[in-house]
Amino acid sequence: MSGYMIKRVLLLIPIVLGVTLIVFLIMHLAPGDPVRLMLGERATPETIIKVRHELGLDRPVHIQYFVWLSNIIKGNLGNSITTGRPVLETIVERMPATLELTITSLILATIIAIFLGSISALHRGGWIDQTTRLFALFGISMPYFWFALMLLMILSLKLGWLPVYGRGGPIWTLNGLKHAILPVAVLSLANLALLTRLTRSTMLDILGKDYIKTARGKGLPKKLVIYKHALRNAIIPIVTIVGLRVAYTFGGAVVTETVFAWPGMGRLIVEAIYQRDIPVVQGVTLMFGIVVMLANLFIDMLYAYLDPRITIE
Amino acid sequence: MVKSYLERSTVQVVKRRLLRDKVAQIGLFTILLIILISIFVPFLAPYSPVEPDYSKTLQPPSKNHFFGTDEFGRDIFSRTLYGTRYALIVGLGVVFLASAIGITLGLLAGYFGGITDGMIMRTVDIMMSIPALVLAIALAGVLGGGLKSIIIAIGVISWASLARLVRGETLSIKEEPYIEVADSLGISNLHIIFKHILPNISSSLIVYTTLSMPDAILTSAALSFLGVGMQPPTPEWGLMVSEGRNFLGSAWWISTFPGLAIMVISLTFNIVGDALRDALDPKLEGKGIIN
Amino acid sequence: MTKILLDIKDLIVYFYTEEGIVKALEDVGFSIKKGETLGLVGETGCGKSTTASTIMYLLPPTARVLKGEIVFKGKDLLKLSENEINEIRGREIAMVYQDPMTSLNPVLTVEDQIAEVLIYHFTMAKKEVKERAINLLKDVDIPAPERVIRMYPHELSGGMKQRVMIAMALAGNPDLLILDEPTTALDVTVQAQFLNLIEKLQEKYGISILWITHDLTVIAEMADMVVVMYAGYVVEYTDVTSLFKNSLHPYTSLLLKAVPRIGTRVNDLEIIPGVVPNLLYPPSGCRFHPRCPSVKSICKKQKPPLMEVENNHFVACHLYNEN
């Protein structure tokens, strides 16, 4: 079992590196000199050349990449061009906020979606089903930055119920919770809508299968058939899709953090892209890549646990 | 003789089902309406979308200005109407680009297997592990914003899941006996791909491309909202929402209406896409016995 | 006189679908005695499976029972509540389904799926449950039952899966076992083993069996009484010997002629001309009249009722109605 895990992790490393390579190349294609941006308009050409040399930015691109790679292994992600602080430090500072936001909204969305989707499938055609389907349709069509602004406008500005921006501390504190409600709600929306639709159609598909008929033919109570027989099977494809949504959710976190001034990695990377702060962009991308990989690994294991047809080979 | 999988009757069945679906009809009609608006907008819009009028700034919705005016005195209603152009062009552009890349790579991977498959699928894995928006922001920022960069940026990211889908379907069709027959008869690979495989995946492709329009439009709006997409003074909806951000408390109409427009166009494509999928899918949803 | 276990009378079941009303069962009636094996024969689509589904009351949402009674041990099953019928399903009446590959839940173990019946219909201690499950597997001739109970369906062969289904069905000590085309998905040698197994089990447990099939050879071997169905209604109903030696309905005669027997040459095989009617728009009068070699003018206008023409031999055909 652990051999399998090690193998998986080893396979994932080239992928993570591939990710960083792509981002690195993109950033270096960028017009716009980070040094010039940082030093401002009045910097003299000599200063610029000097600073570039200090930061190692005048070396060939592939050498820069290898230097960066070799540094990672030592745990050094370099320093931000704009602030000069070690990238790793900044990331560690900001990561909990993003993780809190992403994990909470994913878990929340999944649980509610399974619940709503199942009820929808069971009462197919009924008012619960129609309402849920309508809501889910709106959910996947909603531009969530706009949704965020609308919620902000109504709940924070007009009604004053919730704070407008920022994070108020860990989510288990009251202040933290109050600040987190809107961002989490906004980030969960798309996932919730999509997963509800998925659960509904998966359940409908499964409820038509032969083994459900067998279960009913055994005289088992309806509730048991639904939870034990149907849902246990439905969860498998649902879990797979949730895994695919992890990367998407991080993307959504970027926008959500921007709108709500949430101090996370999403906002960090957007700012870094504007400022052409390459080490920060690289570092955060690497972090995202690693987290997504770990999440996928977790999902894979969960999948193997849930589906006895998959053996860990 | 080696027959193709798609029966002629399927098209008729699909048409019949679509015609019966009232909601789908509304959706199709709305899309048509939006396309017409985007074409004839210079005749439909009461005001210019870009010219400022400082005597009329920040006016609430009224008879003269259905959606009110923004900080430059521009009529939001007109700007929203002009926005249909950008939404449609970006949507179509992205879908086209992503499809071209995705279908090609998916077919190659599925049909030829082996190293080609491995390499393409590794790349797909990589693409799917980067949060799409992050990459799009980076790319768009690099390419300098504007219509072409958005299309390229989003298109280049979106092909991955399509490639995976196409590969999967190609793999399962490849197993069909008639493909083996065609192959052993010496029919060229290209012929097999175009005559046998493509038609069979076409229904999935139609559904997929329709359903990816909303994604493309939403992502481009997000990019513009963040400032790396379309630049002012373009009347693009995402940009308009962003411009209204500072006036949320005072002039709510600036952000609200463009956002609504984005939602409406996404809704429409989702409705039509859903209807298409239900109509094309041979197994109708759930025939269960839990009653 | 052996007691009647199941008595079906005047059963009418229609399906209200998108395309129209499918008249699936029209005035279906027959009975099964205790310990008896009744074979239900007919081509695909004649209503045999629908009849079984109606007995178990597991019909799709589009189905409606318009008329009829299904009296089982004195109670009309069609009038029972959901809870009441759940008590009977799996316990007094059990069913084995057609396709063993898809009829078992892929994420649950064999033990789990058998134990469910035991847990929900009897109160048994956990240890007892496991023992009983192993014994049931032994009854159906599954080797190494202690290992098999821990397995998942995908680890078993088709024949084994079929036996697990029988074990599941027997777990409730049913009085009536419904077998829906159980041998269709099996190959011939496995089929022979299966028939032997059922014979053995019936002797041991004394259960009545409703055997649904389109294979007359199986009927010949296993059934005591036979019901022949066509396009949703019963055309002939008698004991197995009378059916084979003295079939009365033209459809039955054609069915029998279509079965290859050792000694017949290939040229002598007769095919029944025409196709099974679409039950959305069934033919008028007797539904078999378009394909009947002995058709008369009255057959197109009036549907023949099921009448006892000889001792314990019922037919629905105008040839025997001299009214």
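The values are calculated or read from the model by the stated rules, or taken from the named source; none is laboratory data. What you are looking at is a predicted structure, and each value in this text was computed from that prediction instead of being measured. Note that each Cβ is placed from the backbone with ideal geometry, even for glycine, and that neighbours are counted across all protein chains shown.
Summary of computed values
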| item | result |
| --- | --- |
| Top-ranked residue in region A:297-313 [being touching a residue at least 60 places away in the same chain (Cβ under 8 Å) and either within 11 Å of another protein chain (Cβ to nearest Cβ) or in a loop (DSSP other than H, G, I, E, B) (or both); ranked as surrounded by the fewest Cβ atoms within 10 Å (Cβ to Cβ)] | A:313 |
| Identity of the residue in region C:136-190, hydroxyl-bearing (Ser, Thr, Tyr) and within 18 Å of residue C:222 (Cβ to Cβ), that ends up nearest to the other protein chains (Cβ to nearest Cβ) | C:184 |
| Subset of region A:266-277 [more than 10 Å from chain B (Cβ to nearest Cβ) and crowded, with 24+ Cβ neighbours inside 10 Å] | A:268, A:277 |
| Helices (runs of 4 or more DSSP H) contained in region A:1-77 and holding at least 3 residues at pLDDT 70 or above and surrounded by 15 or more Cβ atoms within 10 Å (Cβ to Cβ) | A:2-29, A:45-54, A:61-73 |
| Residues that are more than 7 Å from chain A (Cβ to nearest Cβ), small (Gly, Ala, Ser) and buried (at least 20 other Cβ atoms within 10 Å of the Cβ), drawn from region B:108-141 | B:109, B:110, B:136, B:140 |
| Considering residues of region B:264-291 that are facing chain A (nearest Cβ under 10 Å), at pLDDT 85 or above and out of contact with any Pro (no Cβ under 9 Å at 6 or more places or on another chain) only, the residue nearest to residue A:199 (Cα to Cα) | B:274 |
| Candidate set from region B:188-223 (those that are closer than 23 Å to residue A:245 by Cβ and small (Gly, Ala, Ser)); member that is surrounded by the most Cβ atoms within 10 Å (Cβ to Cβ) | B:221 |
| Hits in region A:150-174 (condition: touching a Gly at 6+ places or on another chain (Cβ under 9 Å), touching a residue at least 12 places away in the same chain (Cβ under 8 Å) and within 16 Å of residue A:185 (Cβ to Cβ)) | A:167, A:168 |
| Subset of region C:289-323 (residues that are touching a helix residue (DSSP H, G or I) at 6+ places or on another chain (Cβ under 6 Å) and more than 23 Å from residue C:272 (Cβ to Cβ)) | none |
| Qualifying residues in region C:51-75 (those that are touching a Gly at 6+ places or on another chain (Cβ under 9 Å) and within 14 Å of chain B (Cβ to nearest Cβ)) - the one farthest from residue C:212 (Cα to Cα) | C:61 |
| Within region A:163-175, tally of residues that are on the phi < 0 side of the Ramachandran plot, in a loop (DSSP other than H, G, I, E, B) and more than 14 Å from chain B (Cβ to nearest Cβ) | 7 |
| Considering residues of region A:213-260 that are within 12 Å of chain B (Cβ to nearest Cβ) and small (Gly, Ala, Ser) only, the residue nearest to residue A:140 (Cα to Cα) | A:252 |
| Conditions (1) more than 9 Å from chain B (Cβ to nearest Cβ); (2) in contact with a helix residue (DSSP H, G or I) (Cβ under 6 Å, 6 or more places away or on another chain); number of the one not met by residue A:289 | (1) |
| Some residue of region A:188-197 being surrounded by 19 or more Cβ atoms within 10 Å (Cβ to Cβ) and over 19 Å from the mean Cα position of the chain (by Cα) | yes |
| Test: residue in region C:128-135 that is under 18 Å from residue C:4 (Cβ atoms) and buried (at least 21 other Cβ atoms within 10 Å of the Cβ) | no |
| From B:33, B:28, residue being under 19 Å from the mean Cα position of the chain (by Cα), loosely packed, with under 14 Cβ neighbours inside 10 Å and hydrophobic (A, V, I, L, M, F, W, C) | B:33 |
| Test for residue A:141: is it crowded, with 22+ Cβ neighbours inside 10 Å, within 14 Å of chain B (Cβ to nearest Cβ) and of a type in the set (Ser, Thr, Tyr) | yes |
| Count - residues of region A:113-132 that are of a type in the set (Val, Ile, Thr) and buried (at least 16 other Cβ atoms within 10 Å of the Cβ) | 3 |
| Region B:224-263: number of residues that are within 8 Å of another protein chain (Cβ to nearest Cβ), buried (at least 24 other Cβ atoms within 10 Å of the Cβ), assigned to a helix (DSSP H, G or I) and β-branched (Val, Ile, Thr) | 2 |
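Matching residues to (1) within 14 Å of another protein chain (Cβ to nearest Cβ); (2) in contact with a strand residue (DSSP E or B) (Cβ under 9 Å, 6 or more places away or on another chain); (3) under 24 Å from residue C:181 (Cα atoms):
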{"site": "C:8", "(1), (2), (3)": "no, yes, yes"}
{"site": "C:17", "(1), (2), (3)": "yes, no, no"}
{"site": "C:24", "(1), (2), (3)": "no, yes, yes"}
{"site": "C:44", "(1), (2), (3)": "no, no, yes"}
{"site": "C:77", "(1), (2), (3)": "yes, yes, yes"}
{"site": "C:89", "(1), (2), (3)": "yes, yes, yes"}
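Okay, residues lined up against (1) within 30 Å of residue C:92 (Cβ to Cβ); (2) hydroxyl-bearing (Ser, Thr, Tyr); (3) out of contact with any helix residue (DSSP H, G or I) (no Cβ under 6 Å at 6 or more places or on another chain):
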site: A:120; (1), (2), (3): no, yes, no
site: A:143; (1), (2), (3): no, no, no
site: A:152; (1), (2), (3): no, no, yes
site: A:189; (1), (2), (3): no, no, no
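So that you can scan it fast, the table gives a plain yes or no per residue for (1) loosely packed, with under 14 Cβ neighbours inside 10 Å; (2) not in a helix (DSSP H, G or I):
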position	(1), (2)
C:284	yes, yes
C:287	no, yes
C:290	no, no
C:295	no, yes
C:299	no, no
C:303	no, yes
C:308	yes, yes
C:314	no, yes
C:319	no, no
